[in-house]
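Student: Input: one structure, supplied below.
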Amino acid sequence: MNEQLLQANSNAHEANTELVLDIRNLKSHFFTAKGVVPAVDGVSIQVPPGKIIGIVGESGCGKSMTAMSVMGLLRYPGKIVGGSIILSGKEITHIRPKELAKIRGNEISMIFQEPMTSLNPVYPIGHQVREAILLHQKISKEEAKNRVIDIFRAVGIPEPQKRYYSFPHQLSGGLRQRVMIGMAMVCRPKVMIADEPTTALDVTIEAQILRLMKKLCEEQGTSIILITHNMGVVAEICDYVYVMYAGKVMEQAETFTLFEKNSHPYTQGLLKSIPKLDEKTDRLYTIDGVVPNLLHLPEGCSFCTRCSQAQKRCFSEKPYLYETGQNHGVRCFQYESGVHLDGK
Ligand SMILES: Nc1ncnc2c1ncn2[C@@H]1O[C@H](COP(=O)(O)OP(=O)(O)O)[C@@H](O)[C@H]1O
Ligand SMILES: [Mg+2]
């Protein structure tokens, strides 16, 4: 691990700055025929201005549903059943779709894993990004077009004037993801959520895209929530990290702390399975056992069935997210303390 980088990232994260996004005790459940699935179960995430916040965890742990809840994109049978989402001091948890449409893409935007499904195949990419601008800003089509060409240049699309007229299928995966980043950044949002934005790309392109996102956000003061299952990616660019498992935050810490002092057995497992730089696999983790079915969670800690350090009580009692140090919380009885961060 690059220690200098980690140290730099750690120093960049200061506490007590005014938050751009404050997710408090969010609960989003799915009401299925088989029962209630607690996909997001009391998640609190704080995003200060200009920072990169990572959410990591294995597939199915609730990362995307947290993001979809924030974006107001959760669909039936999913529903926000508790908590609040505060964007720049404004409560947006249950605002009307019309209000939300004004915010989405403008103050907060999202990039998805597979850009092909987010881009419309029948329109040139330039027009699609132009429409995204015109939706939020009262400027002429000509001006909007110039803005698109500028942002295409900024995200490293070669020959932006010509590419403006390209269709999505004429671009490589990496270029399409650059278009999506451009589209997400063009209105200079306060927060951009990137849900596994580079998982479908090869490692060299992945590194380029991540660096580009970081650079743009630094220039524009945009905060990023970066969702990933790759701890290597977290180490490279995040300031602060939330580790999720079965709908809950299991550990939260500054990146440096997480890598130096990781405390939760689940985090330890994730860190052991960091892929080598030149390795690209879909199955990264080798923690024994499988993610539990959210319909049949263990009675105690949700990780107890896979935890090598589990004690008797872990099977019957649920641990809180205990505060173990400054900006550091761990949901494990080994770190039990009087102060816990749940519900805050
Ligand atoms: N349409 C759905 N119906 C029922 N459950 C769902 C649905 N979508 C997601 N879930 C539940 O939400 C959990 C979290 O999903 P998700 O947030 O997409 O995981 P991640 O992004 O971490 O891989 C899944 O494990 C699943 O149990
Ligand atoms: Mg996901």
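The values are calculated or read from the model by the stated rules, or taken from the named source; none is laboratory data. Since the model is a prediction, treat every value here as computed from it, not as a measurement. All Cβ positions, even for glycine, are placed from backbone atoms using ideal geometry, and neighbour counts span all protein chains on display.
Student: Considering only residues of the range 158-196 that are within 16 Å of ligand 2 (Cβ to nearest atom) and out of contact with any helix residue (DSSP H, G or I) (no Cβ under 6 Å at 6 or more places or on another chain), which is nearest to residue 146 (Cα to Cα)?
Tutor: Among residues in the range 158-196 that are within 16 Å of ligand 2 (Cβ to nearest atom) and out of contact with any helix residue (DSSP H, G or I) (no Cβ under 6 Å at 6 or more places or on another chain), the one nearest to residue 146 (Cα to Cα) is 194.
Student: Same structure again: With respect to the numbered conditions (1) buried (at least 20 other Cβ atoms within 10 Å of the Cβ); (2) modelled with pLDDT of 95 or more, which one is the sole condition not fulfilled by residue 111?
Tutor: Exception for residue 111: condition (2).
Student: Looking at this structure, is residue 218 of a type in the set (Asp, Glu) and under 23 Å from residue 49 (Cα atoms)? So that I can check it myself, show each step before the final result.
Tutor: On the way: of a type in the set (Asp, Glu): yes; under 23 Å from residue 49 (Cα atoms): yes.
Against the criterion (of a type in the set (Asp, Glu) and under 23 Å from residue 49 (Cα atoms)), residue 218 qualifies.
Student: Looking at this structure, is residue 243 surrounded by fewer than 24 Cβ atoms within 10 Å (Cβ to Cβ), among the hydrophobic types (A, V, I, L, M, F, W, C) and within 16 Å of ligand 1 (Cβ to nearest atom)?
Tutor: Details: surrounded by fewer than 24 Cβ atoms within 10 Å (Cβ to Cβ): no; among the hydrophobic types (A, V, I, L, M, F, W, C): yes; within 16 Å of ligand 1 (Cβ to nearest atom): yes.
Criteria not met by residue 243.
One line per residue, one yes/no per condition, for (1) modelled with pLDDT of 95 or more; (2) of a type in the set (S, T, N, Q); (3) within 17 Å of residue 181 (Cα to Cα):
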| site | (1), (2), (3) |
| --- | --- |
| 137 | no, yes, no |
| 140 | yes, yes, no |
| 143 | yes, no, no |
| 156 | no, no, yes |
| 160 | yes, no, yes |
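Student: Quick check, is residue 89 among the small types (Gly, Ala, Ser) and in contact with a Lys or Arg (Cβ under 9 Å, 6 or more places away or on another chain)?
Tutor: Values: among the small types (Gly, Ala, Ser): yes; in contact with a Lys or Arg (Cβ under 9 Å, 6 or more places away or on another chain): no.
Criteria not met by residue 89.
Student: Right, here's the next one. Which one of these is free of Cβ contacts under 8 Å to residues at least 24 places away in the same chain, closer than 21 Å to residue 270 by Cβ and buried (at least 18 other Cβ atoms within 10 Å of the Cβ): 300, 289? I'd like the intermediate steps shown before the answer.
Tutor: Values: 289 fails: buried (at least 18 other Cβ atoms within 10 Å of the Cβ).
Every option except 300 fails the conditions.
Student: What are the pairs with Cβ atoms under 6 angstrom where one residue, in the range 209-227, is in the same structural domain as residue 70 (by TED's automatic domain parsing) and the other, located anywhere, is within 16 Å of ligand 1 (Cβ to nearest atom) and among the acidic types (Asp, Glu)? Sequence gap at least six, or different chains.
Tutor: Within 6 Å, the pairs are 227/195; 227/196.
Student: A further question follows. Give me a count of the residues in the range 204-235 that are closer than 20 Å to residue 266 by Cα and either within 16 Å of ligand 1 (Cβ to nearest atom) or charged (D, E, K, R) (or both). Give the steps one after another, and end with the answer.
Tutor: Quick first cut of the range 204-235, residues closer than 20 Å to residue 266 by Cα only: 226-235.
Filter once more, keeping what is either within 16 Å of ligand 1 (Cβ to nearest atom) or charged (D, E, K, R) (or both): 226-231, 233-234.
Residues meeting the conditions: 8.
Student: Another question, if that's okay. Evaluate the range 138-155: report whether one residue or more is more than 25 Å from the chain's Cα centre (by Cα) and within 25 Å of residue 202 (Cα to Cα).
Tutor: Taking every residue of the range 138-155 in turn, at least one turns out to be more than 25 Å from the chain's Cα centre (by Cα) and within 25 Å of residue 202 (Cα to Cα).
Student: In the range 53-66, is there at least one residue being away from ligand 2 (no atom under 13 Å from the Cβ), of a type in the set (Gly, Ala, Ser) and more than 12 Å from the chain's Cα centre (by Cα)?
Tutor: Here is the first cut: in the range 53-66, the ones away from ligand 2 (no atom under 13 Å from the Cβ) are 53-54.
Keeping just the survivors that are of a type in the set (Gly, Ala, Ser) gives 54.
Those left that are additionally more than 12 Å from the chain's Cα centre (by Cα): none.
No, the range 53-66 has no match at all.
Student: I'm trying to understand the selection: among the residues of the range 138-183, which are under 22 Å from residue 194 (Cα atoms) and not in a helix (DSSP H, G or I)?
Tutor: If the condition is that a residue be under 22 Å from residue 194 (Cα atoms) and not in a helix (DSSP H, G or I), then 155, 156, 157, 171, 172 are the ones that fit.
Student: Going through 87, 135, 74, 100 one at a time, which residue ends up being over 30 Å from residue 202 (Cβ atoms) and within 16 Å of ligand 2 (Cβ to nearest atom)? Full working, then the answer.
Tutor: On the way: 87 fails: within 16 Å of ligand 2 (Cβ to nearest atom); 135 fails: within 16 Å of ligand 2 (Cβ to nearest atom); 100 fails: within 16 Å of ligand 2 (Cβ to nearest atom).
The unique qualifying residue is 74.
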